[in-house]
Amino acid sequence: MTSENTLVYQKPWRPFQRVLRGNGVSRSIDDVREAFEKGSREFDAEKYTALPPHEFYVQWNMAILKHLRITRSVKKLAGEIDRQWFTFSKIYVYPEVKDSLSRLKQMRLKLGVVTRGYELDIEQILPRAGLEEFFDICVGADTTGNRKPSPEAFKHALKRLEVEPEEAIFVGDSIEQDYFGAQKVGMKPVLIQREGSPPSNVRCIKRLDEIFEVLEAISP
């Protein structure tokens with residue numbers, strides 16, 4: 001199983017800027033990127049977990065707009081950004097991902113996605129990325145009402161796949177949410193860290209196609 005940023009990525013400040021521009025708000029891409037990074041770091045997702053997706057992202061967008069010093073019609077603008085997000089957002093797939101997923105499916109392995117985003121996000125992202133054919137299940141924050149690293153998210157995925165924890169490998173890009181979250185329920189965690197030096201005493205890969213070496217190493 002994987003988390004979504006293991007497979008794809010976005011440059012979220014770009015659609016953010018385009019929707020702002022379409023609503024008469026002019027900000028440089030550098031300003032939007034800086035505001036997005038600051039707002040995202042400060043935003044407490046757990047505080048809003050119970051909200052429906054649209055309302056959740058309105059709150060998130062408002063946290064970013066604050067750093068752009070936008071004070072007029074903020075909530076309305078935040079709603080427009082959410083409504084138009086996938087009109088302007090481009091999904092980038094890491095270059096080795098499709099071949100790796102195809103090979104894993106050929107091995108007759110069950111594959112799933114567990115994300116801190118919503119099921120609605122995955123329904124938009126996977127088809128746009130051309131990856132929907134590879135996955136048996138997707139688990140979002142709204143599936144169980146609990147986000148990673150909550151054990152319920154992982155346990156729900158395991159139950160739907162009909163796989164025992166010790167039989168499952170979880171690949172993710174967050175040491176806290178993915179690696180330790182999966183480890184706590186008895187799964188075999190793998191951290192994917194594409195840049196920089198990995199933490200010590202952690203099973204780590206730099207690309208998804210390195211998972212086959214991991215599978216060979218841990219196979220009985």
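Here is how the numbers come out for the structure above:
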{"item": "Criterion (out of contact with any strand residue (DSSP E or B) (no Cβ under 8 Å at 6 or more places or on another chain), buried (at least 18 other Cβ atoms within 10 Å of the Cβ) and outside the structural domain of Asp82 (by TED's automatic domain parsing)) met by exactly one of Asp173, Asp209, Asp121, Asp178", "result": "Asp121"}
{"item": "Some residue of segment 4-15 being touching a residue at least 60 places away in the same chain (Cβ under 8 Å), among the β-branched types (Val, Ile, Thr), surrounded by 19 or more Cβ atoms within 10 Å (Cβ to Cβ) and under 25 Å from Val171 (Cβ atoms)", "result": "yes"}
{"item": "Spans of strands (runs of 3 or more DSSP E) in segment 105-220 with at least 3 residues in contact (Cβ under 8 Å) with a residue 60 or more places away in the chain and of a type outside the set (Gly, Ala, Ser)", "result": "169-172"}
{"item": "Sole residue being aliphatic (A, V, I, L, M) and modelled with pLDDT of 95 or more, chosen from Leu131, Leu120", "result": "Leu131"}
{"item": "Options Ser40, Ser26: the member that is over 16 Å from Asp121 (Cα atoms), in a loop (DSSP other than H, G, I, E, B) and either in contact with a Cys (Cβ under 8 Å, 6 or more places away or on another chain) or outside the structural domain of Asp142 (by TED's automatic domain parsing) (or both)", "result": "Ser26"}
{"item": "Unmet requirement for Ala50, which otherwise passes all of (1) in a helix (DSSP H, G or I); (2) surrounded by fewer than 17 Cβ atoms within 10 Å (Cβ to Cβ); (3) under 21 Å from the mean Cα position of the chain (by Cα)", "result": "(1)"}
{"item": "Checking Asp82 against (1) assigned to a loop (DSSP other than H, G, I, E, B); (2) crowded, with 16+ Cβ neighbours inside 10 Å; (3) charged (D, E, K, R), the condition it does not meet", "result": "(1)"}
{"item": "Residue match in segment 173-192 (condition: at pLDDT below 95 and touching a helix residue (DSSP H, G or I) at 6+ places or on another chain (Cβ under 6 Å))", "result": "yes"}
{"item": "Hits in segment 56-74 - residues which are part of a helix (DSSP H, G or I), β-branched (Val, Ile, Thr) and surrounded by fewer than 21 Cβ atoms within 10 Å (Cβ to Cβ)", "result": "Val74"}
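The values are calculated or read from the model by the stated rules, or taken from the named source; none is laboratory data. The structure presented is a predicted model; accordingly, all values stated were derived computationally and were not measured. Virtual Cβ from ideal backbone geometry, glycine too; neighbours counted across all protein chains shown.
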